[in-house]
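Read the structure below first, then the notes.
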Amino acid sequence: MAEKLVIDKNAADNEYFHRDFHISGDRGVRYVGENYGDDAVVEYLEKFTKAYYSPLIAKIKSDGLKAMKEHIENIYAVEKYPDNVACTIDGEKLSVEVSECPAVKYMKESGYEPSKWYVMLTSVVNDVIAKECGYNFEMISYSEENGAASYKFFK
Amino acid sequence: MVSCTEFIPLYSELFKYLEEKGGHDEVVKYWEYISDTYVADLLGKEVAGKGLRGCFDYWSKSLNEEACDFRMELDEDKGEFTIDMRWCPSKGMLNSLEHMEPYHDYCGHCAVLYARQLEKYGIVSDCFDMSKVDEAKCFERYVLAEKKK
C-alpha cells in the first residue's frame, strides 16, 4: 500500500515571495508584444500603471518625489537586493542608479531570457507615473545583460 | 522593475487587456499559450516520470512560495491528488485592492493552465470548485483517468 502524503500549511508559515512571477510578468509583455506590437505593450502597461499605482500617484502628487524614491527603494528591499539601487533627490530631480536588476538576474539564472519588452516594465511604468504627477521621466541607460539602469524623474 | 510581489495585479490587468482585444476567447488563448510554453516544462517534467506524485512535488514548491493557506493530499492507492485552498494569497490580494477591480474570471487561469498539461499524462480534473473564489478559496481534485472510468 502506498503512503498517503499530506501537506497542511497556514499562510503565515511561509513568506510571500515567488520569483517565478518575474518570468510570468515577462511572458505577459512578450505575448502582447509579439501578437499586438510595441504600442500595445505601452497601452497595456499604461492601463496597469494608472489602475494599480493610483495610490502611489496620489502620494507623489501630495508628497513629491520623496514618495517615488521610497517606492523604488522598497521594491529592491522586497526583492532582497536593497544595495542594488541608489536614489538621489536634488530639488525637483530624482536620479536612480541600478547596479543589477534582481528580476533579470533571477530569470537568466533560471535559464529564461527576458524579452526585449521587459525593460518597459521600468521605462513605461515610470513614464506613466511621472506624467500623471506632472513630472518628466528619462531612461538614460539600460543593460539587457543584467538590467543595470540609470534613469531620472524631473520637472 | 515591478516586484514579484506586485505581479498579480499586472496579471489581472493583462487578462482585462486581452479581453478588450479579443474577448474571453483571447484570454483563454493566452492561458493555453502559457500552459504549452511554460507550465509544460515545469509541471510536465514532474509528472512525466512520477505521475500524481509529480503533482504533489510541483505544487509543494509553488504553494509554499506563494504562502498559500492550504491542505494538499496525495493518495496513490486511490489515484487521487487534491488541493484544498483555504486562502489563496493571489486572489486574496486582488480582493483586498479597493482601488482596482480584479479581472472577472481571474481564477479561470488555474483551471486551464494545469489540466491541459496533466491530461497528456493520463491525469484528469475531477473537480474544480470555484464557488468560493470571492473568499479566495477553491478546491481541486485530479485523478488518474483510468480510475475515473
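Given (1) under 13 Å from the mean Cα position of the chain (by Cα); (2) open to solvent by 50 Å² or more (accessible area, probe 1.4 Å); (3) of a type outside the set (Lys, Arg), identify the lone condition not met by residue A:83.
Going through the list (1) under 13 Å from the mean Cα position of the chain (by Cα); (2) open to solvent by 50 Å² or more (accessible area, probe 1.4 Å); (3) of a type outside the set (Lys, Arg), residue A:83 breaks only (1).
Among the residues of region A:33-56, count how many are touching a helix residue (DSSP H, G or I) at 6+ places or on another chain (Cβ under 7 Å) and facing chain B (nearest Cβ under 7 Å).
6
Taking the condition of being facing another protein chain (nearest Cβ under 10 Å), open to solvent by 50 Å² or more (accessible area, probe 1.4 Å) and farther than 19 Å from residue B:125 by Cβ, how many residues in region B:66-95 meet it?
3
Among (1) outside any helix (DSSP H, G or I); (2) buried (at least 20 other Cβ atoms within 10 Å of the Cβ), where does residue B:9 come up short?
Failed condition: (1).
Of the numbered conditions (1) surrounded by fewer than 20 Cβ atoms within 10 Å (Cβ to Cβ); (2) at the interface with another protein chain (Cβ under 10 Å from one of its Cβ atoms), residue B:2 satisfies every one except a single condition; which is it?
Looking at each condition in turn, residue B:2 falls short on (1).
Which residues, counting only those in region A:36-72, are open to solvent by 60 Å² or more (accessible area, probe 1.4 Å), under 18 Å from residue B:27 (Cα atoms) and out of contact with any Asp or Glu (no Cβ under 9 Å at 6 or more places or on another chain)?
Residue satisfying the conditions is A:43 alone.
Find the residue count for region B:16-33, including only residues that are open to solvent by 10 Å² or more (accessible area, probe 1.4 Å), facing chain A (nearest Cβ under 8 Å) and under 17 Å from the mean Cα position of the chain (by Cα).
Residues in region B:16-33 being open to solvent by 10 Å² or more (accessible area, probe 1.4 Å), facing chain A (nearest Cβ under 8 Å) and under 17 Å from the mean Cα position of the chain (by Cα): 1 in total.
In region B:47-97, what residues are closer than 12 Å to residue A:7 by Cβ and in a loop (DSSP other than H, G, I, E, B)?
Hit for region B:47-97 is B:68, nothing else.
Would you check which residues across region A:107-140 are small (Gly, Ala, Ser), within 13 Å of chain B (Cβ to nearest Cβ) and either open to solvent by less than 20 Å² (accessible area, probe 1.4 Å) or in contact with a helix residue (DSSP H, G or I) (Cβ under 6 Å, 6 or more places away or on another chain) (or both) and list them?
Across region A:107-140, the qualifying residue is only A:115.
Can you tell me which residues in region A:4-28 are in a helix (DSSP H, G or I), at the interface with chain B (Cβ under 7 Å from one of its Cβ atoms) and either on the phi > 0 side of the Ramachandran plot or aliphatic (A, V, I, L, M) (or both)?
A:11
What about residue A:77, is it part of a helix (DSSP H, G or I), without any contact (Cβ under 8 Å) to a residue 12 or more places away in the chain, among the small types (Gly, Ala, Ser) and more than 7 Å from every other protein chain (Cβ to nearest Cβ)?
Details: part of a helix (DSSP H, G or I): yes; without any contact (Cβ under 8 Å) to a residue 12 or more places away in the chain: yes; among the small types (Gly, Ala, Ser): yes; more than 7 Å from every other protein chain (Cβ to nearest Cβ): yes.
Taking the combined requirement at face value, the residue satisfies it.
Please work out if residue B:98 is touching a Ser or Thr at 6+ places or on another chain (Cβ under 8 Å), free of Cβ contacts under 8 Å to residues at least 40 places away in the same chain and either at the interface with another protein chain (Cβ under 10 Å from one of its Cβ atoms) or open to solvent by 10 Å² or more (accessible area, probe 1.4 Å) (or both). Don't jump to the end; show me each part of the working.
Working: touching a Ser or Thr at 6+ places or on another chain (Cβ under 8 Å): no; free of Cβ contacts under 8 Å to residues at least 40 places away in the same chain: yes; either at the interface with another protein chain (Cβ under 10 Å from one of its Cβ atoms) or open to solvent by 10 Å² or more (accessible area, probe 1.4 Å) (or both): yes.
So residue B:98 does not fit the description; no.
Among the strands (runs of 3 or more DSSP E) lying completely within region A:84-149, list those that include at least 2 residues that are in contact with a Phe, Trp or Tyr (Cβ under 8 Å, 6 or more places away or on another chain) and within 28 Å of residue A:61 (Cβ to Cβ).
It comes to A:93-98, A:136-142.
Sort out which residues of region B:88-122 are out of contact with any Lys or Arg (no Cβ under 9 Å at 6 or more places or on another chain) and basic (Lys, Arg), and write them in order of number.
Across region B:88-122, the qualifying residues are B:116, B:120.
The values are calculated or read from the model by the stated rules, or taken from the named source; none is laboratory data. Everything numeric here is computed off the predicted structure, so don't read it as measured data. Here Cβ is always computed from backbone atoms with ideal geometry, including for glycine, and neighbour counts include all displayed protein chains. Please note that ligands, DNA and RNA were not included when accessible areas were found on the heavy atoms of the full protein model with its side chains. Shrake-Rupley method; radii C 1.70, N 1.55, O 1.52, S 1.80 Å.
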